[in-house]
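The values are calculated or read from the model by the stated rules, or taken from the named source; none is laboratory data. This one's a predicted model, so the numbers in the text were calculated from it and none came from an experiment. Virtual Cβ from ideal backbone geometry, glycine too; neighbours counted across all protein chains shown.
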Amino acid sequence: MLIQPIDYFLVAWFTLALASTLYVGFDQYRNNPEPVVMKWGFILVTLYMGPLGLLLYVLADKEPRPGEHEAFTRTLWKQGVGSTIHCVAGDATGIILAAVITAALGLPMWLDLIVEYLAGFAFGLFIFQSLFMKSMMGGSYWENVRKSFLPEFISMNFMMAGMAPVMSFLMMGRDMRAMEPTELLFWGVMSIGVISGFALAYPANVWLVARGLKHGLMTERPNQGAAGGHEHHQKGHKSASGKGSAGHGMRSDATTPQIAALGVVSAIALALGMAAPANWLNLTLSARDVGGVIMPQGMIMDRDTPADAMRDMAATSPRLVTASPPTKWRRTMTMSSNSKSGWCGRG
């Protein structure tokens, strides 16, 4: 049931998101020459970010004309988009899965955020970075885990620093249906959170790519079997990767103090994003505590507001209203509403 104006907007938004995702998926597998992991990265991010994901794909990655993907994706800002896409696709997937599970378990919001961070980091590092990129990075799986740990740690910190406050304030705001995975509003908040996380993680990913600590966009053309075709594939692949391909034999020129400074800043940003909402919100509450209540406009809530008070002052959900007045009452109410003297009906 669509019971709030925002629900209609979300229906339109997710319709566009689905259409955008279908287009990106179709075009990736039909026309765009890049590794499968990046194809799925753009597909997942478009599913999470809707038309904004489609815009990133068209502006930064979609091959404009046959044979031009290498040159088209060479610029640093596009390589940074590719690196952030790969980060967000893995991390956001882990975060969203964890959010659904923690809501079902009834965990408090503060613990929910911690579990989401750990799940997102683990999914991004052990699956999207180390496993899915193993064939391109070379080496063993655990070598790739070691090489990817620090760049993934920095990227994940910035991403969660953007997502955590968005999820906290929107989920625990006036309409707490946003805490229920069965509600469309929950997925709307997740979409906004992913967009915020992408925006905050992007600058760091540009620097990581520029310094050779992370890969960017890559080109992978089908082998034709001939030596000449193989040579063209290797040349194109290297051209698209640019400096952002430390796993392809390139060395990083970043200094230890630079990496340490960025890591510390990312950790501070993460701590602020996770803890700051506790100054205004009661993060000890869970989805099970508030039960998806909708608070009346103007109600003041702070970090000490208990769940009982929220439920007592919440508006009645239209889904719970099953009774309807008898026909004669409805007729009387209609007549009285048109009366000049105001309410005059009797039950």
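Residue 123: touching a helix residue (DSSP H, G or I) at 6+ places or on another chain (Cβ under 6 Å) and touching a residue at least 60 places away in the same chain (Cβ under 8 Å), yes or no? Walk me through how you get there before you give the answer.
Working: touching a helix residue (DSSP H, G or I) at 6+ places or on another chain (Cβ under 6 Å): yes; touching a residue at least 60 places away in the same chain (Cβ under 8 Å): no.
Spelling it out, it is not the case that residue 123 is touching a helix residue (DSSP H, G or I) at 6+ places or on another chain (Cβ under 6 Å) and touching a residue at least 60 places away in the same chain (Cβ under 8 Å).
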Failed item, numbered, when residue 172 is tested on (1) within 23 Å of residue 289 (Cβ to Cβ); (2) buried (at least 18 other Cβ atoms within 10 Å of the Cβ); (3) at pLDDT 95 or above: (3)
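Filter segment 208-235 for residues that are small (Gly, Ala, Ser) and within 30 Å of residue 145 (Cβ to Cβ); which is modelled with the highest pLDDT?
Initially, segment 208-235 is screened for residues small (Gly, Ala, Ser), giving 210, 212, 216, 225-229.
If we keep only those that are within 30 Å of residue 145 (Cβ to Cβ) as well, we get 210, 212, 216.
On the way: 210: 95, 212: 92, 216: 91.
Out of the qualifying residues, it is 210.
In the list 61, 112, which residue meets the criterion of being within 25 Å of residue 168 (Cβ to Cβ) and either among the polar types (S, T, N, Q) or surrounded by 18 or more Cβ atoms within 10 Å (Cβ to Cβ) (or both)? I'd like the intermediate steps shown before the answer.
Values: 61 fails: within 25 Å of residue 168 (Cβ to Cβ).
None of the others qualify; the one that does is 112.
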Any hit, segment 19-37, residues being of a type in the set (A, V, I, L, M) and at pLDDT below 95: yes
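Within segment 174-207, track down each residue that is assigned to a helix (DSSP H, G or I) and in contact with a strand residue (DSSP E or B) (Cβ under 8 Å, 6 or more places away or on another chain). Explain how you work it out, then say what you get.
Initially, segment 174-207 is screened for residues assigned to a helix (DSSP H, G or I), giving 176-179, 184-207.
Residues satisfying the conditions are 176, 177, 185.
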Test: residue in segment 75-84 that is within 20 Å of the chain's Cα centre (by Cα), in contact (Cβ under 8 Å) with a residue 24 or more places away in the chain and either outside any helix (DSSP H, G or I) or outside the structural domain of residue 275 (by TED's automatic domain parsing) (or both): no
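Taking helices (runs of 4 or more DSSP H) that fall entirely within segment 236-318, which contain at least 2 residues that are at pLDDT 85 or above? Talk me through it step by step, then tell me what you get.
Details: elements: 256-275, 287-290, 307-313.
Output list reads 256-275, 287-290.
Could you list, in sequence order, all residues of segment 31-51 that are assigned to a loop (DSSP other than H, G, I, E, B) and either of a type outside the set (Gly, Ala, Ser) or free of Cβ contacts under 8 Å to residues at least 60 places away in the same chain (or both)? Break it down stepwise before answering.
As a first pass, look at segment 31-51 and keep what is assigned to a loop (DSSP other than H, G, I, E, B): 32-35, 50.
Selection gives 32, 33, 34, 35.
Please pick out the residue among 124, 94 that is buried (at least 23 other Cβ atoms within 10 Å of the Cβ) and in contact with a Ser or Thr (Cβ under 8 Å, 6 or more places away or on another chain). So that I can check it myself, show each step before the final result.
Values: 94 fails: in contact with a Ser or Thr (Cβ under 8 Å, 6 or more places away or on another chain).
So the residue among 124, 94 that is buried (at least 23 other Cβ atoms within 10 Å of the Cβ) and in contact with a Ser or Thr (Cβ under 8 Å, 6 or more places away or on another chain) is 124.
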